[in-house]
Structures are given as C-alpha cells and as structure tokens.
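What follows is calculated from the coordinates using simple rules that are stated; it is not laboratory data. From a predicted model like this one, the values you see are computed outputs, not experimental measurements. For neighbour counting, all protein chains shown are included, and Cβ atoms are generated from backbone atoms with ideal geometry for every residue, glycine included.
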C-alpha cells in the first residue's frame, strides 16, 4: 500500500515550553542498565580497564577472548546487564558458558538494554580458558569460534528467546563496549486499526491507533539529526558525562508487517504476473502488503508497520524512546514541527515525555573496526 505522504487533517496543538536551560528532569527508571548508557564516559572506561588489569584478565596468555553477536526477545528479560535474582541476558549467557567450559566466566556487553527491549544483534565479549575436564591442571588450545557458537546455543535451546548468531576471536585488549564505533536502533510502530494486535505481534511493537503523517515526522527528524544538546531526551540515571551527542541518522519508513501473508487478491496478481512475464516466479513476495482483508470470515485487517531508525556512536539513557515518543506525537498531529524545536531547546526531559514503550525498541547492530 502506498505511503500516506499527505498532511493529516488533525488539528495541530501549540506547545508552550520555556526555553531556559536547566538541569535534566528525572524520569523513573524501568530497570537497571539503560537503553544505551554508553555515553563518552572515559572515567568508567579507565576504571574497568584498570580493574581488568588488577585481576590479570588481559594478561593471562592462556585466555582466549571471544566476541559474540547475540539476538534475543527482551520480553522475559530484566534487561541485558547482570542483576542478582533476575533473569538477564548476561546472566543466561554466563550460565550457558559454565555448562560449556565447566567454570565461571564473565561476559561484558556492548550496549545495555532495558526490560522489554529486543536485540537483533547485541555484542558481548568473554574470556575463556579451556581446561581439560579429565585433567584439571591441563590447559588445552582454545576452541574454534564455530564450536563456541554451537555449544553455547545448545545450552540456550531451552530458553527459547535468545541465540548466539556469530562468534569471533579477538585480541585480549578488544573491548565490546569501548571499541564500538556506532550503534543502530530500530523502533517498530503498528498503526491504522483499533483492533488488537495479532498475538504474533504481542510485545513486539507499539500499537498506535491513529494514522501517521510521514512528511511531518521526516521534517521533525531533520531537526533532531546532527550535533545537539539532547538534555530534553535524557532520562534520570544517565551515566554520560555530557548531554551533547551526534545523531548520525534519524528517519522513518514503511515496511511489511512482521508476518505478512499474501491475500487472495495479491496471490491472483502474482499469478497473473508470472503467467505474462517470464522473469516473474509464482512465489515472489509482493513489494507492499495491503491493510484491508477480503471480508472473508476469520480474516483480520492488517496494521501498517513503520520503522524509525536511529544511528549514533552512543546514546543517552532512554534517548531513542524519548525521541520516538515525540515523533509519534508529531505524526498524529498532537505536536507541530515547530514544537520539536522548542522541545530540543528546552533542555528539560519533562518537555519530551511521555516516552515510547520498550516493546517496540530493537538494538539492530553494533559496528566495529577489525584491524
């Protein structure tokens, strides 16, 4: 279905926000470990590296450091960072490694995600010393990355919502968090119908009843992208030393919904194309999915699916969800594009709330340079 690029008829509500600068207001934390609290926290980096050196972690020549790309559904996790008496991504990974290598290990994550936030690829590093289980004093050559991936996934099978997608050997001074060059987040919104979301989409997207004005959202994105003081998009508990960040990409596009099966009309169109065009095949996927059913019993209308992409070297705590919350209000006509400028200049998080729920947020990718 073509994008709705026209202006909405919804009346714009003016926003009166004082432009005076102030300290970031507080937003209650949902869980320990931020959506992405990397920041440019050099003190934390130095402290962690010194702590590693004190324990000899990076000095032991018998250790092999592995870099792991991990995907997970965040619904049943209390965030990615390890916490006592809670099921977390780091905790589940460490338990799987203990079963694999026979002794405790510590995983270090590249990006912290909150409860309910998903990951297409979050990155961790872990140091493993391969010790013979028959002869405890004998150190064996490190496992190949493929062996590590298959073995850890074997012990993750029963979890059902997490898997290791790639493993790579890296030097012992390679740090998953501090070596990251950029991070990409995606946020999924489903709109256009007041019907409940399909069970397959439960906790996988933000359900917005209203139609979204993509032109207005894209204009708002152009204001927010770039180098700014993002104090208005910084929640309480942020560990970054400065609210100034460079947002390299912020945009929205329409995509097929998560489970988009061809309707009867689409199947007829594809069958007709395949019979008249030798380059077409009968099982080709349609470029767009319509949102209307054929009226048959048991067929529901489809929701339109939109994805907001945010890319930067690092983000403030809850920055992406606060940005999405504002963009959604622009798309529904509750805010104007001029209001977005006022929110950015207000430098108080109270101007940007409420933020978007965690269920629609996905950590998409963490980028590194491997020399």
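Values for this structure:
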quantity: Extension gain (nm, one decimal) between residue 129 and residue 194, 0.36 nm per residue minus Cα-Cα; calculated: 18.0 nm
quantity: Projected label distance in nm at residue 296 and residue 242, using a 7 Å step from Cα toward the beta-carbon; calculated: 5.9 nm
quantity: Ordering of 240-250, 65-75 by burial proxy (mean other Cβ atoms within 10 Å per residue, highest first); calculated: 65-75, 240-250
quantity: Spin-label model distance (nm) - residue 178 vs residue 203, 7 Å beyond Cα toward Cβ; calculated: 3.5 nm
quantity: Isotropically averaged projected area of the range 122-258, using the convex hull of Cα atoms (one quarter of hull area), nm²; calculated: 13.6 nm²
quantity: Exposure proxy ranking, count of Cβ atoms within 10 Å, fewest first, for 165, 131; calculated: 165, 131
quantity: Stretch gain in nm, segment residue 60-residue 140, where the contour uses 0.36 nm per residue and the Cα spacing is subtracted; calculated: 27.4 nm
quantity: Calculated P(r) tail over 20 Å for the range 42-170, as whole % of Cα pairs; calculated: 45 percent
quantity: Neighbour-count order for 338, 266, fewest beta carbons within 10 angstrom listed first; calculated: 338, 266
